Amino acid sequence: MNKIFVDGWQGTTGLKIVERLEPRKDVELIKLEGDERKDMNARLDAARLADVTVLCLPDDAAREIASLADESVRLIDASTAHRTAPGWAYGMPELGLSFRNAIASSNRVANPGCHASGVIAIIYPLIKSGIMAPETKVSATSITGYSGGGKKMIADYEENGYAYPRVYAPQQNHKHLREIQYVTGLETPPVFVPVVAPFYSGMQVTVPLHAAQLKGNPSPETLRGLYADFYRDGLISAGEAFENGFASAGAKAGKDTMLVSVDGNSDRMSVTAVFDNLGKGASGACIQNINIMLGQDERTGLII
């Protein structure tokens, strides 16, 4: 039976991962309690015993234990710390066989960020196919449930009862921007507008495009075909996000899948990714990567 150690399991993402792993009969969960949770020797011993260790830690703490762990220890880092680090596989297998194979064979895997997952799912296929040039300047708006901010933000929202969406990081310094550039190959970071909304979980990322920004002035139908072909396998699919004229950021709440939708006309389009910030944007993606690293069906334990 495979052993999984979740280091930092009492945080929002860690708790969700533990919640998903505990009912499974094919894995044994290693959890440290009490003072051992902060004892580096105990944590390293647990990581050596585990087949996969998940780091649900602040960035500096994740860097520390990753630097001390033996190279043979298999790590998934759910923090921001290693998403652009050399030698770390990027944990989004739907981006192609090279990504999937790297996850399966690597001892160091970086779990994607939630906002970044949506932007990358939209932009990467366009650049990979040659329809979008890397020097193209784009923008993105991302609406997320407040659970994406962790325990502090959850408490803040639930205690104060904020009634309206709130934009943040207006200085264009959001921590996911480096990750988006690193994976997609964009030469310039997007103008990024992240929005926290007064619902617990769910996410909607939108990238507006002029057809003239893309090679050959493609129609919405052309882009729909591109995404349908690119996302034939995995937990990302192409489809319709809008129903009766509206697309809900909660359409995939509680799920571990993502939907990519193209809408608009021959001049102007929007590409929308809908998913759950705690699912495909965090713990669900982590479970998927654990499964791939263990050589199991990647959908095991996921909510499809």
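Read-outs throughout are calculated quantities, based only on the coordinates presented, and are distinct from any laboratory measurement. Source: prediction; values computed, not measured. So basically every Cβ, Gly included, is an ideal-geometry build from the backbone, and we count neighbours across all protein chains shown.
The table below gives the values:
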read-out: Sequence of M1, M258 once ranked by neighbouring C-beta atoms within 10 Å, starting from the fewest; value: M1, M258
read-out: Over the chain: helical MRE at 222 nm, DSSP H runs n ≥ 4 each giving -39500 (n - 2.57), nearest 500; value: -9500 deg cm²/dmol
read-out: Kirkwood hydrodynamic radius of region 1-94, Cα pairs, Å; value: 13.5 Å
read-out: Chain lengthening between R24 and A228 when straightened (0.36 nm per residue, less Cα-Cα); value: 70.2 nm
read-out: Over the chain, relative contact order from alpha-carbon pairs under 8 Å, at least 6 apart, %; value: 18 percent
read-out: Rh by Kirkwood over Cα pairs, then Stokes-Einstein D for region 114-278 at 1.306 mPa s and 10 °C, µm²/s; value: 98 µm²/s
read-out: Relative intensity, log₁₀ I(q)/I(0), of the chain from a Debye sum that treats every alpha carbon as a point, q = 0.08 Å⁻¹; value: -0.34
read-out: Hull shadow area, averaged, region 254-304 [alpha-carbon convex hull, nm²]; value: 4.3 nm²
read-out: For M293, M153, order by how many other beta-carbon atoms lie within 10 Å, fewest first; value: M153, M293
read-out: Sorted by Cβ neighbour density within 10 Å, fewest at the top, the residues V271, V18, V191, V196; value: V191, V18, V196, V271
read-out: Within a Gaussian network of the chain (alpha carbon springs, distance under 10 Å), most fluctuating of I292, I180, I154; value: I154
read-out: GluC sites (Glu not before Pro), loop per DSSP, at most 14 other Cβ atoms within 10 Å - longest free stretch of the chain; value: 241-304
read-out: Contour excess over end-to-end distance, with Cα ends at R299 and N265 and 0.36 nm allotted per residue; value: 8.7 nm
read-out: Computed Rg/Rh of region 206-295, alpha carbon atoms with Kirkwood Rh; value: 1.04
read-out: Size of charge dipole - region 114-278 - debye, nearest 20, with Cβ of Lys, Arg +1 and Asp, Glu -1, no other charges; value: 300 debye
read-out: Qualifying trypsin sites (Lys or Arg not before Pro) for region 1-97 [loop in DSSP, other Cβ within 10 Å: at most 16]; value: R24, K25
read-out: Label-point separation in nm, E71 to K215, each point 7 Å along Cα→Cβ; value: 3.8 nm
read-out: Added length on full extension, which subtracts the Cα-Cα distance from 0.36 nm per residue, K137 to D35; value: 31.8 nm
read-out: Compactness index (Cα Rg / 2.2 N^0.38 Å), region 161-211; value: 1.34
read-out: Simple spin-label estimate for N244 and D156 in nanometres, 7 Å along Cα-Cβ; value: 3.4 nm
read-out: Region 114-278, relative contact order in percent, only Cα pairs under 8 angstrom and at least six apart counted; value: 30 percent
